[in-house]
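Quick notes on the structure that follows.
The values are calculated or read from the model by the stated rules, or taken from the named source; none is laboratory data. Note that the structure is a prediction, hence the values are computed from the model and not measured. Virtual Cβ from ideal backbone geometry, glycine too; neighbours counted across all protein chains shown.
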Amino acid sequence: MKLTRRRGNDDGAHAGDDSKSARAARAKEPATPAEAAAKEPPKPRGFGPYDVTEAPGGQELLDLGALRIPAVAGVEVHLQAGPEGQIQQVQLAHGGSRLQVAAFAAPRTEGIWDDIRETLREALVTAGSKPREAHGEYGPELTARVTEGGQGIDVRHIGIDGPRWFVHAVYIGAAAVDPDQAGPLRDVLRGLVVDRGVEARPVSEGLPLRLPPEAAAQLAAAQSDGSSGQVT
């Protein structure tokens, strides 16, 4: 997935006049409780996602390259891979909920969740959804009910800005409606480790993911049988 943001480059250039006018108009409106909470200075978190340089030790992790997934009891890991073995989607499942996670390059000097959230909001509205903003443990979130496979499902988008990286997490199902239902999936997100690497990358470019050897062997076997590119 390629995320887009309103600010098109790393130097913090301003968005177009229409965007600025819309933001100015919204600024005149009374702030909702969620918006007021979102403007408060961020408080240090005692949990992840962690940068690889700050991650606590002693945790079993599934190494996927830019993302390292903690092993949490009861959580299934599903990887959607392309024909060359490149990971296209990481999804965790527990009970009636799923969690999709992806990592992207970000600037050194600013977060990108505000811009990406606005882009997501517009995309959801265009698709016929009615997104709502709430305040969660990582700050502002977007919730909506969308159509997938002809059925309506609930989603909750979370953005986490890190040092030169950004994690986009999406809860699907029961955990999207009630955060208390996230349970073990929340533990996975809190224990996630991001290895950004040192390479220069365009803002919002997906960080590279790779299959661990055992999963790559499983994919090769599945492809030889004519099966799909999903491994668990």
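The table for this structure:
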| read-out | value |
| --- | --- |
| Any pair with Cβ under 7 angstrom, 6 or more apart, that starts in region 37-55 at a residue that is assigned to a helix (DSSP H, G or I) and ends at one that is modelled with pLDDT of 95 or more and not basic (Lys, Arg) | ALA37/HIS135; ALA38/HIS135; ALA38/GLY139; ALA38/PRO140 |
| Residue that is farthest from the chain's Cα centre (by Cα), among those in region 81-95 that are more than 15 Å from GLN218 (Cβ to Cβ) and aliphatic (A, V, I, L, M) | ALA93 |
| Among the residues listed as LEU142, LEU120, the single one being in contact with a helix residue (DSSP H, G or I) (Cβ under 7 Å, 6 or more places away or on another chain), free of Cβ contacts under 8 Å to residues at least 40 places away in the same chain and closer than 30 Å to ALA200 by Cβ | LEU142 |
